[in-house]
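Data first, discussion second: the structure below is written as structure tokens.
The values are calculated or read from the model by the stated rules, or taken from the named source; none is laboratory data. Just so it is clear, the structure is predicted and the values come from calculations on it, not from any experiment. Neighbour counts run over all protein chains shown; Cβ positions are idealised from the backbone, glycine included.
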Amino acid sequence: MRHRITTGVLAPGAQLHEQSLADELAISRSRLREAFARLEATGLIDRTPNRGAFVHRLTIAEARDVFQAREALESMCAGLAARNAPPESWQDLVDLFAAPTQALVEAGDFEGYLANVALFRRRMIQAAGNQTIAELLGPLLDRSAVAMRRVILATNRASDGLVQYRAVIAALRAGDAEAAEQRKRAQLHEAWAALERYHRLVL
């Protein structure tokens with residue numbers, strides 16, 4: 001269910017019907033309620049007495065808070081990753097974000113593009129080696145996933161994003177922690193600016 005929410009299959013504001021979901025997922029309603037509680041704790045759904053459960057609709061104020069937190073944590077993560085991982089360990093991502101990801105963007109394959117972005121992010125977080133940052137980032141990434149997916153689809157921002165990801169990866173490949181941190185911060189600042197500009201379309 002988390003995957004369905006973060007990929008937009010279950011849209012913001014959609015009602016989650018207990019019985020139909022329990023039947024579809026082949027689980028008991030008590031287990032479903034446990035899942036609802038976890039999703040509510042991470043801000044992905046809202047539960048209201050006598051109304052039920054709904055996919056949370058992110059407000060612009062919440063989105064701002066999420067992106068400010070992401071900017072701080074992910075830029076720190078990039079700096080740590082550059083310090084901890086051998087520079088040559090990033091070469092496969094340099095290669096991946098060259099022609100292969102460029103081809104995905106040119107073909108309009110945004111799911112493929114987002115899959116490569118997710119791979120990069122996992123590698124960066126793993127290389128940073130900070131479990132607390134990883135645990136804090138998980139819910140923040142989930143909460144902003146649908147909005148950023150919609151921004152990319154609505155504005156074709158993938159081209160700009162690709163340039164920015166290449167810059168971050170190049171800094172990691174060079175072992176330049178300061179540049180990696182600065183470029184990651186700039187990339188997220190630009191992502192927030194795009195979301196703020198188009199929030200009426202995507203939130």
Criterion: part of a loop (DSSP other than H, G, I, E, B), surrounded by 15 or more Cβ atoms within 10 Å (Cβ to Cβ) and not assigned by TED's automatic domain parsing to the domain that holds Val151 - qualifying residue of Gly13, Gly8: Gly8
All but one of (1) crowded, with 16+ Cβ neighbours inside 10 Å; (2) modelled with pLDDT of 95 or more; (3) more than 14 Å from the chain's Cα centre (by Cα) hold for Leu140; state the number of the condition that does not hold. (3)
Counting only residues that are surrounded by fewer than 19 Cβ atoms within 10 Å (Cβ to Cβ), out of contact with any Gly (no Cβ under 9 Å at 6 or more places or on another chain) and not in a helix (DSSP H, G or I), segment 69-121 contains a total of 4
Does segment 46-75 hold any residues that are within 16 Å of the chain's Cα centre (by Cα) and among the hydrophobic types (A, V, I, L, M, F, W, C), and which are they? Leu58, Ala63, Val66, Phe67, Ala69, Ala72, Leu73
Could you give every pair whose Cβ atoms fall below 6 Å, whose first residue belongs to segment 186-203 and is assigned to a helix (DSSP H, G or I) and surrounded by 15 or more Cβ atoms within 10 Å (Cβ to Cβ), and whose second residue is modelled with pLDDT of 95 or more and among the aromatic types (Phe, Trp, Tyr), counting only separations of at least 6 or pairs across chains? Trp192/Phe67
